[in-house]
Amino acid sequence: MNKNRLIFLLVFLLLVLEVTFYYTGNFYLNIAVKFFIGALLVYFYYVQVQGKLLYADNIFFTAFAFGFMGEIGFVYQKTEVLNSILVFLYLVEHQLYIILLRQPNFQKKNLTNFDLMKKGWPYILTAFLFFGFFLMEIVPDSIFVLMIFYVFQFAIMGAYSLMLNNSFEGKKYIIIAVGLMAVSDIISSWYVFLGDFKFGYPIIRTLYISSKFLLAYGFILNRKKILTDAANHWETGDI
């Protein structure tokens, strides 16, 4: 068994433990397992880049750190204040991913709003319909504005994933990852604002973890291609 398969097997086993601890009310153990899953993702990324961290790698890890803090908040979301903090953490995470996705070498030059609409309409339309016909009715007033930013920020992130240049080596993995994140967020919204439902937590966590590994792998593939084409290209400031 190679190293990557071993990592994925460990992640699966830890996910089973995490879900078990969640449903048995062992929230401290649940968070501890989340930490180990996050550590495995960081280790997976670190091994793939052979320990040579560059500018974009640091942005990715910072984004992941905010997402991890959000996952802790997801377990303990009991009040509107905690929900506000949770949404804010994910807003920061997604903004950092947008910074990575809209790098000049990843998108065509001189993008216009029309380009954004033409390529990203599936996410933009989904965001509009999802917010207008679902979230608007159930989101508390205290985080209403934050949720508006959140939904349409995610639509922008989805649009940029679809607009990646065909030369972006890991494009298909990024697209799938962002798509899984979108599905995870939709289900999470039901979970947070309307309450738990059967198999809700394991579904959300499986989608979330899968999206993070696919996102990491997509960036890793393109990173390797760039460094093959031009030594240390990511250190020039383009990414």
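The values are calculated or read from the model by the stated rules, or taken from the named source; none is laboratory data. Being a predicted model, the structure only gives us computed values, none of them experimental. Note: ideal-geometry Cβ built from the backbone for every residue, glycine included; neighbour counts use all protein chains shown. These area figures cover heavy atoms from the full protein model, side chains too; ligands, DNA and RNA do not enter into them. Shrake-Rupley method; radii C 1.70, N 1.55, O 1.52, S 1.80 Å.
Can you run phi through the Karplus equation (6.51, -1.76, 1.60; θ = phi - 60°) for segment 53-70 and list ³J(HN,Hα) in whole Hz, with x for Gly and Pro?
Rounded to whole hertz, the list is 7, 10, 4, 5, 4, 5, 5, 4, 5, 5, 4, 5, 4, 5, x, 5, 4, x.
Carbon and sulfur: what percent of the chain's accessible surface (1.4 Å probe)?
Details: 8270 of 12210 Å².
Answer for the chain is 68 percent, counting heavy atoms of protein chains only.
Run the helix sum for the chain: -39,500 (n - 2.57) per DSSP H stretch of 4+ residues, divided by residue count, reported at 222 nm to the nearest 500 deg cm²/dmol. Walk me through the numbers before you get to the answer.
Values: 8 runs with 178 residues, N = 239.
Calculated mean residue ellipticity at 222 nm is -26000 deg cm²/dmol.
Quick one: how many lysine pairs does segment 76-177 have with C-alpha atoms less than 25 Å apart and a gap of 8 or more or different chains? Give me the count, please.
The result is 12.
Hey, which lysines would be in cross-link range of Lys52, C-alpha to C-alpha under 18 Å, not counting anything within fewer than 8 residues on its own chain?
Lys224, Lys225
Residues of segment 29-151: accessible area per residue at 1.4 Å, in Å²? Display every interim value, and only then the final one.
On the way: 6510 Å² over 123 residues.
Dividing the accessible area of segment 29-151 by its residue count gives 53 Å².
When only Cα pairs under 8 Å and 6 or more residues apart are kept, what is the percent relative contact order across the chain?
Details: 238 pairs, mean separation 48.1, N = 239.
Averaging sequence separation for qualifying contacts and normalising by length gives 20 percent for the chain.
How large is ³J(HN,Hα), in whole Hz, for each residue of segment 3-16 in order, when computed from phi with the Karplus curve 6.51 cos²θ - 1.76 cosθ + 1.60 and θ = phi - 60°, using x for Gly and Pro?
My calculation for segment 3-16 gives 4, 5, 5, 5, 4, 5, 5, 5, 4, 4, 5, 5, 4, 4 Hz in order.
Residue farthest toward the positive end of the dipole of the chain, with Cβ of Lys/Arg at +1 and Asp/Glu at -1: which of Ser84, Phe133, Phe35?
About the Cα centre, the residue reaching furthest to the positive side is Phe35.
Work from the charge dipole of the chain (Cβ charges, +1 for Lys and Arg, -1 for Asp and Glu, about the Cα centre) and give the residue of Phe197, Tyr22, Leu207 farthest towards its positive end.
Working it through, the farthest residue towards the positive pole turns out to be Leu207.
Using a cut-off of 15 Å between beta-carbons, work out the net charge of the residues near Leu13 (Lys and Arg +1, Asp and Glu -1, Leu13 not included).
Details: positive: Arg5, Lys34, Arg205; negative: Glu18.
It works out to a net charge of +2.
Once phi is turned into ³J(HN,Hα) by the Karplus curve 6.51 cos²θ - 1.76 cosθ + 1.60 with θ = phi - 60°, what whole-Hz value does each residue of segment 138-154 show in order, with x for glycine and proline?
10, 6, x, 4, 5, 10, 4, 5, 4, 5, 4, 4, 4, 4, 7, 5, 5
Can you tally the net charge around Ile209? Count Lys and Arg as +1, Asp and Glu as -1, for every other residue whose Cβ sits under 11 Å from the Cβ of Ile209. Please report the intermediate quantities before stating the final value.
Values: positive: Lys34, Arg205, Lys212; negative: Glu18, Glu71.
Cβ neighbours under 11 Å give a net charge of +1.
Let me spell out the model: positive unit charges on the Cβ of Lys and Arg, negative unit charges on the Cβ of Asp and Glu, origin at the Cα centre of segment 101-213. What dipole size does that give, in debye rounded to 20? Before the final figure, lay out the partial values.
Numbers: 10 positive and 6 negative charges, 115 e Å.
Rounded to the nearest 20 debye, it is 560 debye.
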